[in-house]
Amino acid sequence: MTTAMHSELGDPALELGRLLSGQYPDARGRFGPFGGRYVPETLWGAITRLESAAKLALADPAFATELAFHQRTWVGRPTPMMRAANLSTAWGCNVWLKREDLAHTGAHKINNALGQAMLAKRLGVTRIIAETGAGQHGVATAAACARMGFTCRVYMGAVDVERQQPNVQRMKWFGAEVVPVTSGDATLRAAIDEAMRDWVCDPMGTHYLLGSAVGPHPFPWLVRTFQSVIGTESREQMLSPAGAARLPDAVFSCVGGGSNAIGMFHGFLADPSVLIYGAEAGGRGDATGQHAATMAHGRPGVMHGSYSYLLQDDHGQVVKTSSISAGLDYPGIGPEHAFLHAIGRVQYVPVTDQQALDAVREVCRSEGILPAIEPSHAVAAAKAWAKANPGATVLINLCGRGDKDMPILMKNLV
Amino acid sequence: MTIAKHVSDSILRRSARGRPALVPYITAGFPKLESLSAQLRALAPHAAAIEIGVPFSDPMADGVTIQGSSRKALDNGVTLRWILDQLGAMTAGNQQATEHWPQQPPLVLMSYLNPVISSFGAGRSSLRSLAQACRGSGVSLLIIPDLPLEESGELREQLHLQGVGLVQLVSPVTPQARARTIAHASDGFLYAVTVTGVTGGSAPAAAAATAVSPNRYLDSLRELSPVPVCAGFGIRTRAHVDALAGHCDGAIVGSALIDAIDKGQDPAALLASMV
């Protein structure tokens, strides 16, 4: 079977089966029509080398052993699964939080940064570059580079440098060079553009440690593979007697590019009884430029190397986005999410800035946890669902902690 | 019939004296919307073909110069459909009155993929509409820097049905066997990126960044390519073109022209100085 961007999707159950059995991504890096490798020729060698190296490493028990060791001793895995007792009472549901905010460096981003940095060792490169939005991926990459001895440069939109100052300082202390990006819209999207330009200049000596589940194949698959630890642990923890001793009725994650979500979702895709929801950044409203709700308002197109849903105008130009959360402020979404949306396995719902801020406040007061603004979108979506489904069991991926949001929260949460 | 053979012929005819033929690049609608037709007419006498850049919001293979001209063109309201309308009008006018645009060289569109696949609606039929519009506007070839050979099949098929070609690119890090495959798939000419980097770099930096000498790289491409080889990225001066003599069939000049336009200078005069 060969796929291309206009390939038709078949029966949803059949297509999901292809994903779960590993037929997707296929040899062309596609999930049905979505994905692919839309890169300049200069990067072709680098992405095919990365794919080969990743397949070898992931089949190597020594790699798995080393990854597990670092996950346990450095990242702090497994992260806890916690019953949110007060939220449960307030919402009339059983609410569980996967505590990725307790992972080293404060978010799930470390799972992928660690895995890819180990891969970069095998590639024999000496220099790593990364993009960052909220700064969590930049911090995670800088930390992994410090530990493993790579030179590290992080591209970060100038707007995000401003709103995520604590993370900028952390990256610098880990020895990374932080380059503010002023081109384009000066947010995550421009940072990826700039990182791609850097990589084009040194495709074989540099590894681009992409942090979201976007980009050309093999990145969406690679990022999902390293983030799947979230879903795998969550499923075991929910089923265990110390947990809910059952599967959740619904699972919620926030989605920008979609790295934490794809990792969480993979734990439950094969369970037909589990409803799965992704919370997008609804920003300040539905008008173009006021949100980053790619599924709600986008259509398929090519940006950053893959074919997926995209916020664009009628002429194929990518439009401006807005979100209070830097990590979700992105006009695209990973191709596997586009696939899951197209076959109807995952529902994507927009959550506004205000709803997310209200959720930050509620989690703080109810559970003594300061969540990042990004997963607070998932909390808000879960709350709305919970109110309509009393008594249900709900799992939320609390993918990061809110310390890095202090400057913006001090302005907006009074 | 070979697709876009007239483009190959135009390049070979102009490079008959040993020096590479010149292929200028301009960003459509930069610095002003109305600049396009005047620029095309002025560049035509010195050009074996003209590359017309379609601005894109996220130009990941371009340096600051073309990022800037693209931004400005988008602010001016440039779209792919507008460009095709303009070119169509010029080509039609040319057929009626040849003095209008005396030596119209082949027109080549350079665009990132998304405007190409998204400007004519959705689905496979959008590619057919695009290809028809290209033919109707007198466009001979498309160059799409983020469309590697492996992803090009669907679009190439539709373009070929309309007699429009698709140029493929090779870079200094492309292995020889792969370069051969790409060259044989490329219509009109083979675009040899001379730098491992983005557009607008300098030629000395390009030489330093590449393990093999640029000329040896170009020589090897010429040996394996059934279509003329045009070198691009970092060609800014007459001396750069001189250095390429005997090693390629065409030289693509982009950022240097955009810089000149940006400074209010005459791009045609700069191009003429490089012939």
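Between B:A243 and A:R361, the modelled labels are 6.4 nm apart [label points 7 Å from Cα along Cα→Cβ]. Along the stretch A:238-245 the Karplus relation, 6.51 cos²θ - 1.76 cosθ + 1.60 evaluated at θ = phi - 60°, assigns HN-Hα couplings of 5, 6, 6, x, 6, x, 7, 6 Hz to successive residues, with x for each Gly and Pro. All alpha carbon pair distances within the protein assembly as shown were sorted into 20 Å bins beginning at 0; the resulting P(r) in whole percents reads 19, 50, 26, 5, 0.
For the stretch A:1-151, the mean projected area of the C-alpha convex hull, equal to one quarter of the hull surface, is 12.7 nm². Converting phi to 3J(HN,Hα) with the Karplus coefficients 6.51, -1.76 and 1.60 and the offset θ = phi - 60°, the stretch A:324-333 yields 5, 9, 4, x, 10, 7, 8, x, x, 7 Hz in sequence order, with x at every glycine or proline. Once the Kirkwood radius over Cα pairs is known for the stretch A:288-414, the Stokes-Einstein relation at 4 °C and 1.567 mPa s delivers a diffusion coefficient of 82 µm²/s. For the stretch A:210-285, the percent of C-alpha pairs falling in each 10 Å distance bin, counted from 0 to the bin holding the largest distance, reads 20, 45, 26, 8, 0. Given axes a ≥ b ≥ c from the Cα gyration tensor, I'd like to know whether the stretch A:1-68 is rounded (a/c under 1.5), prolate (a/b larger than b/c) or oblate. Because a/c hits 1.5 or more and a/b fails to exceed b/c, the stretch A:1-68 counts as oblate. Among the listed pairs A:K172/A:K320; A:K109/A:K172; B:K32/B:K263, those whose Cα-Cα separation exceeds 24 Å are A:K172/A:K320.
Backbone amide hydrogens, once placed in the peptide plane, bring A:L370 within less than 5 Å of A:G402, excluding anything fewer than 5 places away on its chain.
Going by the alpha-carbon gyration tensor, a ≥ b ≥ c the square roots of its eigenvalues, is the stretch B:123-170 rounded (a/c under 1.5) or, if a/c is not under 1.5, prolate (a/b greater than b/c) versus oblate?
Details: a/c = 2.16, a/b = 1.34, b/c = 1.61.
It comes out oblate by the Cα gyration axes.
Within 10 Å of each Cβ of B:190-196, how many other protein chain Cβ atoms are there on average?
2
Other residues within the sphere of radius under 13 Å centred on the Cβ of A:G175, judged by their own Cβ, net out at +4 (K and R +1, D and E -1).
Could you check what % of the DSSP bridge pairs in chain A are antiparallel, to the nearest 5?
In chain A, DSSP labels about 30 percent of beta bridges as antiparallel.
Estimated at 0.36 nm per residue, the fully extended path between A:A85 and A:T151 surpasses their Cα-Cα distance by 19.3 nm. Put simply, the C-alpha atoms of chain B give a gyration tensor, and the ellipsoid matching it has half-axes of 25, 22, 19 Å, longest first. Ellipsoid semi-axes for the stretch B:33-152, based on the Cα gyration tensor and the rule √(5λ), read 23, 18, 14 Å when sorted largest first.
No lab work stands behind these numbers, since they all come straight from the coordinates. What you are looking at is a predicted structure, and each value in this text was computed from that prediction instead of being measured. Because the Cβ atoms are built from the backbone with ideal geometry, glycine has one as well, and the counts that use them run over all protein chains shown.
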